Amino acid sequence: MSTHLKKVLVANRAEIAVRVIRALRELGITSVAVYSDVDRVALHTRLADEAYYIGPPPAIDSYLRIDRILDVARKAKVDAIHPGYGFLAENPEFARQVENAGLIFIGPPADAIEAMGSKTRARQMMKEAGVRVIPGAMEGITDDKTALDMAKQIGYPVLVKAAMGGGGKGMRVVSDPKDLIHSMEAARRESKSAFGDATVYLEKYLENPRHIEFQILADHHGNVIHLNERECSIQRRHQKVIEEAPSVIVTPEIRREMGEAAKQAAQACGYRNAGTVEFLMDKHRNYYFLEMNTRLQVEHPVTEMTTGIDLVKEQIAIAEGHPLRFKQREIPLRGHAIECRIYAEDVLAGFLPSTGRITYLNPPDGPGIREDTGINEGGEITIHYDPMISKLIVWGSDRHEAIERMIRALREYHLTGVKTTIPFCLAVLENEKFRKGEFDTHFVDQEFHSTYLEETGKQLEPAIAVGALLYHLRMTQRGSLKPPPETGVQISPWKMQGRRASMDRLST
Amino acid sequence: MLRGVLTRQHDEIMTYIITINGRPYEVELDESSPSNIRLNGEQMTFDMRQGVHPQNVSLILDNQSLMFWIEKNEEGYHAHCQGRDFNIVVEDEKTRQLRSVLKAGGEKSTVSSIKASMPGMVVRILVQPGDRVRKGQGLLIVEAMKMENEIKSPLNGTVKQIRVAPLEAVEKGEMLLILEPESTGDEK
């Protein structure tokens, strides 16, 4: 019992909207974009077959407006909605309303989103399903005595976490029993204001964990497969910045075992479509369920590059009701892939967002390079949305080749108008410990020093000095040197600049 | 060429100091030999071309080929080359001498204004007028792109004036706060 989708609304913006629109186009499905005022000329708006205006720039007035998105869905007569990631992707209410409107939600059932949205409920479910969770409380803790007893039992340091939290908010590490009560209260306040829920709980704090996650696919016929792991331990401010597949520390045996655990996790919550089961792994390679992300992940391309499977197309096939096209043993693992998230941020100013217009954009290409972006030259990075400009993904026959290829690609990446994390990504890829695979989620805090960025380009400085002076002279005091008068003959700008240059030299 | 001969009489070698990430490089231009320069005393040949965007530069310096992007900014120039960023100040000898004289003369700014580096909203103000602050101390928190960013003091000093209020929207470059730097003599 399957349907064929003919028209799909993409309830998102930027690179992920572009990514989904591209898959729809390749499948012959009509794509519908939605856009806010500032996104009128954004790539996703221009690339889609149809585009509908949904409101002012703040997401709360546009991309988070369920009513407006459903209005567009009705007006455009779409069959289904793809939520992308972020915005409404993990909002069970949205999934429910889409289904109530008689449309297909390209994602998991609302109940699964809801169950995995609560960290404590997810922990209970996983424990029942036999998936190892980090030792600690299975429900919210309200009284001091329970908290102190629990912390003593699992051993300090402990981590206070918000049940409905995410992104590091409402989270506290406690090493000393006398700080526990105070920290829990602070976490409650933070959680209340950030997530509208004050429930906090405790779990054992893992000292030097690595973040390993498994991509899973589940159909409507009870089949679940995993598509291997991704390692996402390179994070700053609890946000992933560089991801890779496979992980250097996952052996085939561990992969099999963790993959099974991930499938159990998905089955336990009645999961369907694409999802990710996240684990933390300690230095003895013990792994624990962390959470399940009920959507397509930002870093999904590294899985696509190493398996050759287009995850968005699989999402659509699942939503159409088709059984999975692959059996577990048919899932390949070929070579190595790395993704660098290119953010508009000033690394030297502590990763402060950098807004502005992209004045020049020339992304790298050549063998093994994929760039997923939602912006092009002239596009603007505004305060309203996430400052991610693009995702640069490389594939290599092994990890070494992938690293060298990524360094090559980052060096070829020319983008100006805003500051970017390109120099930071280079610093990570050039780091000895990263190259050896010896790292954990504290890598950026411990290994990255901003002085590295000032020292590392040293050998280029003499030539840059000459170039800067010549540029300065050409653009300022000899600025009177206008291009030669129109001759009516088309000449290449490079040639013209060459002529200007030679005139420049002669005219002194 | 006659013109070359003429210029040679009153114009000879121009010396420039290019400072990149705090390191100085001396570049000399000899107007009589237009494709040569001296970099830190060493003679080199160059050929520079620009693209459709004039900021897109290709330089061949003694047969070393280098492609970079360069833009003017408040301090001087910013270049991006091979994934690295370079902050550049270009000065001729005279300007540099003048600047060092001014510096030696104790010409110091008496106030320092803290400006918003991006548009956003003031979430909280962590100091009050009259407060003494240390370099690196948080002054206020501005929210942009769903992230809270603490703006830190660039120097030791005293808060003279606060120009914004909590929940106020600020534009890029807008003045947030004025600091009076501590006179260097006090520093132990």
Worksheet item: Taking residue A:233, is it among the small types (Gly, Ala, Ser), under 19 Å from residue A:291 (Cβ atoms) and crowded, with 19+ Cβ neighbours inside 10 Å?
Response: yes
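Could you count how many residues in segment A:448-492 are closer than 17 Å to residue B:89 by Cβ and at pLDDT below 55?
First, pick out the residues of segment A:448-492 that are closer than 17 Å to residue B:89 by Cβ: A:454, A:457-458, A:460-473, A:475-477.
Next cut, at pLDDT below 55 only: none.
Residues meeting the conditions: 0.
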Discussion item. Among the numbered criteria (1) within 13 Å of chain A (Cβ to nearest Cβ); (2) touching a Gly at 6+ places or on another chain (Cβ under 9 Å); (3) modelled with pLDDT of 85 or more, which one does residue B:133 miss?
Written reply: (1)
Fill in: Residue check, residue A:388 more than 22 Å from residue B:86 (Cβ to Cβ), open to solvent by less than 40 Å² (accessible area, probe 1.4 Å) and within 14 Å of another protein chain (Cβ to nearest Cβ)
yes
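Give the residue that is nearest to residue B:26 (Cα to Cα), with candidates limited to residues of segment B:40-70 that are of a type in the set (D, E, K, R) and more than 7 Å from chain A (Cβ to nearest Cβ).
B:42
Test of understanding: among B:17, B:88, which residue is modelled with pLDDT of 90 or more, in a strand (DSSP E or B) and more than 8 Å from every other protein chain (Cβ to nearest Cβ)? If you could, list the steps in order and put the result at the bottom.
Working: B:88 fails: more than 8 Å from every other protein chain (Cβ to nearest Cβ).
Of B:17, B:88, the one residue that is modelled with pLDDT of 90 or more, in a strand (DSSP E or B) and more than 8 Å from every other protein chain (Cβ to nearest Cβ) is B:17.
Could you list, in sequence order, all residues of segment A:373-385 that are of a type in the set (S, T, N, Q) and more than 12 Å from every other protein chain (Cβ to nearest Cβ)?
The initial filter retains those residues of segment A:373-385 that are of a type in the set (S, T, N, Q), namely A:373, A:376, A:382.
Scanning segment A:373-385 gives A:373, A:376.
Here are some residues: A:408, A:325. Which one is open to solvent by 10 Å² or more (accessible area, probe 1.4 Å) and in a helix (DSSP H, G or I)?
Values: A:325 fails: in a helix (DSSP H, G or I).
Selected residue: A:408, the only one of A:408, A:325 that is open to solvent by 10 Å² or more (accessible area, probe 1.4 Å) and in a helix (DSSP H, G or I).
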Worksheet entry | Matching residues, segment A:41-85, being touching a strand residue (DSSP E or B) at 6+ places or on another chain (Cβ under 8 Å) and open to solvent by 60 Å² or more (accessible area, probe 1.4 Å) | A:49, A:53, A:65, A:68, A:75, A:77
Worksheet item: Conditions: (1) open to solvent by less than 10 Å² (accessible area, probe 1.4 Å); (2) over 17 Å from the mean Cα position of the chain (by Cα). Residue A:213 meets all but one. Number of the miss?
Response: (2)
Discussion item. Among the residues in segment A:346-356, are any buried (at least 20 other Cβ atoms within 10 Å of the Cβ), more than 11 Å from chain B (Cβ to nearest Cβ) and out of contact with any Ser or Thr (no Cβ under 6 Å at 6 or more places or on another chain)?
Written reply: no
Worksheet item: Within segment A:122-161, how many residues are buried (at least 19 other Cβ atoms within 10 Å of the Cβ), of a type in the set (Lys, Arg) and outside any helix (DSSP H, G or I)?
Response: 1
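Every residue in segment B:20-39 that is within 7 Å of chain A (Cβ to nearest Cβ) and more than 13 Å from residue A:473 (Cβ to Cβ), please.
Pass one, segment B:20-39, residues within 7 Å of chain A (Cβ to nearest Cβ): B:20-21, B:23, B:25, B:27, B:31, B:34-35, B:37, B:39.
Hits for segment B:20-39 are B:20, B:21, B:23, B:25, B:35, B:39.
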Worksheet item: Any residue in segment A:461-474 that is more than 10 Å from every other protein chain (Cβ to nearest Cβ) and in contact with an Asp or Glu (Cβ under 9 Å, 6 or more places away or on another chain)?
Response: no
Worksheet item: Can you tell me how many residues in segment A:299-314 are surrounded by 22 or more Cβ atoms within 10 Å (Cβ to Cβ) and assigned to a loop (DSSP other than H, G, I, E, B)?
Response: 1
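Residues checked against (1) touching a Gly at 6+ places or on another chain (Cβ under 9 Å); (2) aliphatic (A, V, I, L, M):
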residue: A:248; (1), (2): yes, yes
residue: A:275; (1), (2): yes, no
residue: A:285; (1), (2): no, no
residue: A:294; (1), (2): yes, no
residue: A:307; (1), (2): no, no
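Within segment A:423-446, take every residue that is in contact with a Lys or Arg (Cβ under 6 Å, 6 or more places away or on another chain) and within 30 Å of residue A:205 (Cβ to Cβ) and give me the one that is nearest to the other protein chains (Cβ to nearest Cβ). Before the answer, list the steps.
Of the residues in segment A:423-446, the ones in contact with a Lys or Arg (Cβ under 6 Å, 6 or more places away or on another chain) are A:423, A:439-440, A:444.
Restricting the remaining residues to those that are within 30 Å of residue A:205 (Cβ to Cβ) gives A:439-440, A:444.
Values: A:439: 20, A:440: 24, A:444: 16 Å.
Out of the qualifying residues, it is A:444.
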Item to complete: Check A:370, A:399 and return the single one that is open to solvent by less than 40 Å² (accessible area, probe 1.4 Å), more than 14 Å from chain B (Cβ to nearest Cβ) and in contact with a helix residue (DSSP H, G or I) (Cβ under 9 Å, 6 or more places away or on another chain).
Response: A:399
Discussion item. I'm checking my understanding of the structure. Among residues of segment B:115-130 that are more than 9 Å from chain A (Cβ to nearest Cβ) and within 24 Å of the chain's Cα centre (by Cα), which one is nearest to residue A:169 (Cα to Cα)?
Written reply: B:116
Discussion item. Please pick out the residue among A:180, A:227 that is at pLDDT 90 or above, over 30 Å from residue A:344 (Cβ atoms), open to solvent by less than 20 Å² (accessible area, probe 1.4 Å) and not in a strand (DSSP E or B).
Written reply: A:180
Worksheet item: What are the residues in segment A:23-32 that are touching a Ser or Thr at 6+ places or on another chain (Cβ under 9 Å) and open to solvent by 10 Å² or more (accessible area, probe 1.4 Å), if any?
Response: A:25
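For segment B:52-95, name all the residues that are farther than 30 Å from residue A:404 by Cβ, open to solvent by 20 Å² or more (accessible area, probe 1.4 Å) and not hydrophobic (A, V, I, L, M, F, W, C).
In the first step, residues of segment B:52-95 are kept if they are farther than 30 Å from residue A:404 by Cβ; the result is B:52, B:54, B:72-77, B:89-95.
From what is left, the residues that are open to solvent by 20 Å² or more (accessible area, probe 1.4 Å) are B:52, B:54, B:72-75, B:89-90, B:92-95.
Within segment B:52-95, B:54, B:72, B:73, B:74, B:75, B:92, B:93, B:94, B:95 meet the criteria.
Got at least one residue in segment B:71-83 being modelled with pLDDT under 90 and either touching a strand residue (DSSP E or B) at 6+ places or on another chain (Cβ under 6 Å) or facing another protein chain (nearest Cβ under 7 Å) (or both)? Working first, answer last.
Step one: filter segment B:71-83 for residues modelled with pLDDT under 90, giving B:73-75.
Still in the list and also either touching a strand residue (DSSP E or B) at 6+ places or on another chain (Cβ under 6 Å) or facing another protein chain (nearest Cβ under 7 Å) (or both): none.
Looking through segment B:71-83, none of the residues is modelled with pLDDT under 90 and either touching a strand residue (DSSP E or B) at 6+ places or on another chain (Cβ under 6 Å) or facing another protein chain (nearest Cβ under 7 Å) (or both).
Would you mind stating whether residue A:399 is under 28 Å from residue B:51 (Cα atoms), touching a strand residue (DSSP E or B) at 6+ places or on another chain (Cβ under 7 Å) and not small (Gly, Ala, Ser)?
Details: under 28 Å from residue B:51 (Cα atoms): no; touching a strand residue (DSSP E or B) at 6+ places or on another chain (Cβ under 7 Å): yes; not small (Gly, Ala, Ser): yes.
In short, no.
The values are calculated or read from the model by the stated rules, or taken from the named source; none is laboratory data. From a predicted model like this one, the values you see are computed outputs, not experimental measurements. Using ideal geometry, Cβ is built from the backbone for each residue, glycine included, and neighbour counts are taken over all protein chains shown. Accessible surface is based on the protein model in full, side chains and every heavy atom, while ligands, DNA and RNA are left aside. Shrake-Rupley method; radii C 1.70, N 1.55, O 1.52, S 1.80 Å.
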